[in-house]
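Have a look at the structure below before the remarks.
The values are calculated or read from the model by the stated rules, or taken from the named source; none is laboratory data. Keep in mind it's a predicted model, so treat the numbers as computed, not measured. So basically every Cβ, Gly included, is an ideal-geometry build from the backbone, and we count neighbours across all protein chains shown. When the accessible area is computed, the model is the full protein with side chains, heavy atoms only, and any ligands, DNA or RNA have been set aside. Shrake-Rupley method; radii C 1.70, N 1.55, O 1.52, S 1.80 Å.
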Amino acid sequence: MFAVTVAFCTYRRPERLEKLVAALRSQTCPLPFEILAVNNNSPDDTLAVLERLRAAPGAPLHVVTETAPGIVPARNRALAETRERDILVFIDDDELPQPGFLAAACAAIVDEGAHCVGGRIDIDFSPHRRPPWLDDEVAGFLGRLDHGPADFWVTDSATPLWSGNIAYAMAFFRAHPELNFDPRYNREGTDVGGGEDAMMLRALLALSAKIRYRPDMAVWHAVDPWKLKRRYFVKLHYRAGLRHGQFRLPDFPRTVLGVPPFLLGQFVSHCLKTLWHLLPGAPNPVRQAMNASHAFGLIVGYQRRTEPS
């Protein structure tokens, strides 16, 4: 039985898998580890590539196919496959581990007693050119994560950890069998949005899990060229607002056309601010347009939750 499983969920990225598996196999780990590939029913040659990599030398590669579409079923399949392991480490199929990635994850769980540990995510723009309007704040919504150079304990959701670089002590999941990624926050195929990792962090915090941030647990995250467009960030924030409005807002007694008036006011305010940001010499309008899009998503999401079933 392998103490550690490093899992990645993959959909239609066969060209990236050889480099990812090779980088994982080159990691130094104080515990024996295996690699788990969860193929999310890719309609290409993903399985053929994985079968070829499975036969190559190095850490064992186990391959399963999850036919239910979306990142949530794929991540939950990885949880189900590894419930009896000691540690489950997640990395995404568009990432590469940096040196010390696995060692840092194991140290946080084994030596420091963490139930969950997440690390730094650096953005790799190559071979594409970073657009001049894409400042560091907006780039954070491409998955970049850097909470500074020091280790610390995470005590609230203000310092998030993303599931593209996270590890779990599976004994904690065995003690809490209800812990799974929330299907309401699923993202299928090349859709944008999601939020399943943020909701998992909230669930762990609610259970008083010991959560650690380790900057030396680091990965490189490659950026698809279609994400380097302003419309990607606007759509991403609309989808985040939609889910927040539909699943997390409370019931408000006073509504106009089924929407709390303050949501309408926020949307109008953000729209006016966006128009001002479009004037010559004004600050970058992209971030403000994202705020307006999120506000509109809140309205649509709240309307959906109050619609009769």
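Assorted remarks:
- Gain on full extension, evaluated as 0.36 nm per residue between Leu272 and Ala80 minus their Cα-Cα distance, stands at 64.4 nm.
- Aspartates and glutamates with Cα under 12 Å of Lys19, excluding same-chain neighbours fewer than 8 positions away: Asp93, Asp94, Glu95
- Compactness of the range 161-307 was expressed as the Cα radius of gyration divided by 2.2 N^0.38 Å, which yields 1.25.
- Fluctuation leader among Gly140, Gly193, Gly164 - the chain, Gaussian network, Cα springs under 10 angstrom: Gly140
- Two-site FRET efficiency, Lys19 against Arg254, from Cβ-Cβ distance with R₀ of 45 Å, rounded to 0.05: 0.25
- Straight-line cross-link reach from Lys227 at under 16 Å between alpha-carbon atoms covers these lysines, not counting any fewer than eight positions away in the same chain: Lys235.
- Accessible surface of the range 23-86 [probe 1.4 Å, protein heavy atoms]: carbon and sulfur percent: 54 percent
- Rounded accessible area per residue of the range 230-304, 1.4 Å, Å²: 55 Å²
- Stokes-Einstein D (µm²/s) once Rh is taken as the Kirkwood radius of the chain over alpha-carbon pairs, at 25 °C in 0.890 mPa s: 119 µm²/s
- Share, in percent, of DSSP beta bridges within the range 15-167 that are antiparallel, nearest 5: 55 percent
- Computed E for Val110/Asn284 - FRET, C-beta separation, R0 51 angstrom, nearest 0.05: 0.70
- Solvent-accessible area per residue, Å², over the range 114-161 with all protein chains present [probe radius 1.4 Å]: 50 Å²
- Carbon and sulfur %, accessible surface of the range 141-290 computed with the full protein complex present, 1.4 Å: 60 percent
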